[in-house]
Amino acid sequence: MKVSARVFWGLAAYFFIIGNIYAGWGLLYKGYIDWSGGTPLGLCAVLCALMAFFLNRSHRSQSAELPEDRKDATIDEGDPELGTFSPWSWWPFCLAAASFLTFLGFTVGLWLILIGGALALVCLVGWVYEYYRGYFAR
């Protein structure tokens with residue numbers, strides 16, 4: 001995390017410098033500041049500084065170094081258990097389709113939002129409780 005924080009601090013400094021150069025260039029040659037370019041570069045600098053600050057604080061609160069920061073670490077040390085995944089499950093696809101219908105309803109009409117929302121609720125419940133019924137019940 002220490003290396004990642006340093007990378008983000010470097011990116012924040014880069015975007016800050018480039019944003020000032022962009023604003024100065026526009027002021028020098030056009031006579032006014034072009035806000036459509038300087039503002040996003042400044043916001044990129046703020047975002048990178050925020051990420052760097054978060055990574056610094058997270059690194060300080062940990063009791064030990066991460067495996068990514070140590071030179072003697074093995075691959076197995078940085079490979080945690082992420083959870084249980086169901087490769088046979090169709091519920092994520094159904095939930096994505098229901099979400100698509102719901103968001104499509106914003107352009108088509110309210111009736112499609114209601115249908116997509118109800119379908120999304122059914123798919124979400126089905127995905128949460130898929131291990132409690134059928135062949136894979138526990």
For the chain, alpha-carbon Rg and Dmax in angstrom: 24.3, 72
Gyration tensor (Cα) of region 68-138, equivalent ellipsoid semi-axes in angstrom: 37, 20, 7
Between region 105-133 and region 37-66, the Cα center-to-center distance that results, in Å: 37
Size of electric dipole in the chain: Cβ of Lys, Arg +1 and of Asp, Glu -1, about Cα centre, debye, nearest 20: 400
Positive-pole candidate from Ala5, Thr74, Tyr132, dipole of the chain, charges at beta carbon: Ala5
Span-rule helices in the chain, defined as complete DSSP H runs reaching 24 Å or more along the axis (Cα) with Kyte mean at least 1.0: 2-29, 91-108, 110-128
Net charge dipole size for region 2-70 [Lys, Arg +1 and Asp, Glu -1 on Cβ; Debye, nearest 20]: 120
Sorted by Cβ density within 10 Å, fewest first, the residues Lys2, Lys30, Lys71: Lys71, Lys30, Lys2
Measure of compaction for region 2-70 (Cα Rg per 2.2 N^0.38 Å): 1.47
Burial ordering of Ser58, Ser4, fewest other beta-carbon atoms within 10 Å first: Ser58, Ser4
Ascending count of other beta-carbon atoms within 10 Å, so fewest first, for Phe54, Phe8: Phe54, Phe8
Inter-label distance, nm, simple model (7 Å from Cα along the C-beta direction), Ser61/Ile33: 3.4
Calculated Rg and Dmax of region 91-131 using C-alpha coordinates, Å: 10.4, 36
Per the chain, cysteines lacking a partner by the 4.7 Å Cβ criterion: Cys44, Cys48
The chain: relative contact order as a whole-number percent, Cα under 8 Å and 6+ apart: 19
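Values quoted throughout were computed directly from the atomic coordinates according to the rules given, and no laboratory measurement underlies them. Since this is a predicted model, take the numbers as computed values, not measurements. Reconstructed Cβ throughout: ideal geometry from the backbone, glycine too, with neighbour counts over all protein chains shown.
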